[in-house]
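A short write-up of the structure that comes next.
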Amino acid sequence: MVNNYDWMKNFTFLDFAREVGKHITVNYMMAKESVQQRLNGTARDGLSFTEFTYQLLQGYDFLYLYQHYGVKLQLGGNDQWGNMTTGTELIRRTLGNEVETFALTCPLITKSDGKKFGKTESGNIWLDPKRTTPYRFYQFWLNVSDDDAERYIKIFTSLDKETIDALIEEHKQDPGRRVLQKRLAQEVTIMVHSQEALDMAIEASNILFGKATKEALEKLDEQTFLDVFDGVEKYEIGRDQLGQPAIELFTSVAPVFPSKGEMRKMVQGGGVSLNKEKLSDQQRPVTAEDLIDGKYLLAQKGKKNYYLITVK
């Protein structure tokens with residue numbers, strides 16, 4: 001692996017224009033489809049000078065790699081075709097027609113919104129668990145559309161064709177079971193992380209959508225815990241507020257309930273939980289011993305309404 005900064009850092013603009021720019025005409029650069037799309041208005045932002053000349057920079061990289069490392073083949077997504085062929089053309093014009101170099105592209109893997117996977121795009125996932133936890137990674141694949149799941153399972157897993165065809169057929173019989181998405185998420189999570197990471201991701205998923213215990217919450221690392229409850233309503237309270245009865249804490253301090261009367265009714269009906277454990281006494285004090293990871297309380301109202309309270 002090499003860094004093109006190593007050979008570009010001392011290359012002045014004037015030297016680059018004289019030594020590289022003279023070999024490629026503006027007519028050649030203008031004919032590129034990517035340039036035409038920008039100039040014809042199909043791209044909203046127009047075409048900057050940087051974007052226009054980038055094909056020269058990438059072309060020079062290919063020339064340098066050929067001369068110093070013997071690189072003859074450049075691989076890339078099909079959106080890079082214009083830049084890559086500028087490289088083969090620059091090599092031919094610089095070193096002669098007898099030099100053979102090649103460009104090979106493959107279709108871009110896009111998301112359901114048509115955008116490609118890339119570090120500059122939003123909503124992307126990372127292989128590094130510090131950037132994307134295994135839980136969030138698992139959830140990404142679990143929540144792709146049916147069409148994307150059918151494409152991705154062929155691209156991102158090592159399952160054989162017969163297995164994939166059977167999964168697709170099973171999925172079509174009952175799309176609601178999300179057979180494709182579940183198998184895709186399972187295969188990729190194990191491949192990138194581990195079986196243990198998959199088990200934890202599934203257990204974390206069940207916290208929101210199935211039965212769980214306080215022990216299950218405590219097993220999660222802090223980032224996974226926060227990821228699971230990313231979209232819920234949140235409150236912050238001071239540590240000195242602990243020790244109060246639950247009915248005071250969850251109505252006056254962190255207003256999970258609009259009134260004490262509503263909370264009493266829900267507690268009597270078994271509809272309130274603290275850290276996934278039923279709250280049977282609204283006067284029960286909430287103390288530091290209840291904190292998850294030393295700073296969180298998870299209140300639940302009914303089956304689906306969660307509230308995350310951070311104790312500072």
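The values are calculated or read from the model by the stated rules, or taken from the named source; none is laboratory data. From a predicted model like this one, the values you see are computed outputs, not experimental measurements. Don't worry about glycine lacking a Cβ; one is built from the backbone with ideal geometry, like all the others, and counts go over all protein chains shown. What goes into the accessible areas is simple: the full protein's heavy atoms, side chains included, and nothing from ligands, DNA or RNA. Shrake-Rupley method; radii C 1.70, N 1.55, O 1.52, S 1.80 Å.
Subtracting the Cα-Cα distance of R131 and A31 from their residue separation scaled by 0.36 nm leaves 32.0 nm. The accessible surface of the chain, taken with every protein chain in place and a 1.4 Å probe, is 50 percent carbon and sulfur.
I'd like the FRET efficiency for K312 and E203, computed as 1/(1 + (r/R0)^6) with the beta carbon distance as r and R0 of 30 Å, rounded to 0.05. Between K312 and E203 the formula returns 0.60.
Our summary of shape: the Cα atoms of the stretch 1-141 have principal axis extents of 53, 38, 28 Å, ordered from largest down, in whole angstrom. Residues whose amide H lies under 5 Å from that of W126, counting only those 5 or more places away or on a different chain, are T132; hydrogens are built 1.01 Å from N in the peptide plane.
With the simple spin-label model, which puts each label point 7 Å out from Cα in the Cβ direction, the E170 to K278 separation comes to 3.6 nm.
How high is the relative contact order of the chain, in percent, with contacts defined as C-alpha pairs under 8 Å that are six or more residues apart? Taking the mean separation of contacting Cα pairs over the length of the chain, I get 10 percent.
The helix-based estimate of mean residue ellipticity at 222 nm for the chain, built from -39,500 (n - 2.57) per DSSP H run of four or more residues and divided by its residue count, is -13500 deg cm²/dmol to the nearest 500. For K182, the lysines whose Cα comes closer than 24 Å to its Cα, not counting residues fewer than 8 places off in the same chain, are K111, K115, K116, K130, K154, K161, K172, K211, K219, K303, K304. Positive-end ranking of T133, V144, V192 along the dipole of the stretch 107-203, with charges on Cβ about the Cα centre, is headed by T133. Checking (i) 52, 49, 37; (ii) 63, 46, 34; (iii) 86, 50, 38 against Cα extents along the principal axes in Å calculated from these atoms, the matching label is (iii). Distance from the Cα centroid of the stretch 155-176 to that of the stretch 1-78 is 41 Å (rounded to whole angstrom).
In this structure the chain gives 58 Å² per residue of accessible area when probed at 1.4 Å with all protein chains present. Amide H contacts for Q74 (H built 1.01 Å from N in the peptide plane; partners 5 or more residues away or on another chain; cut-off under 5 Å): F102, A103, L104.
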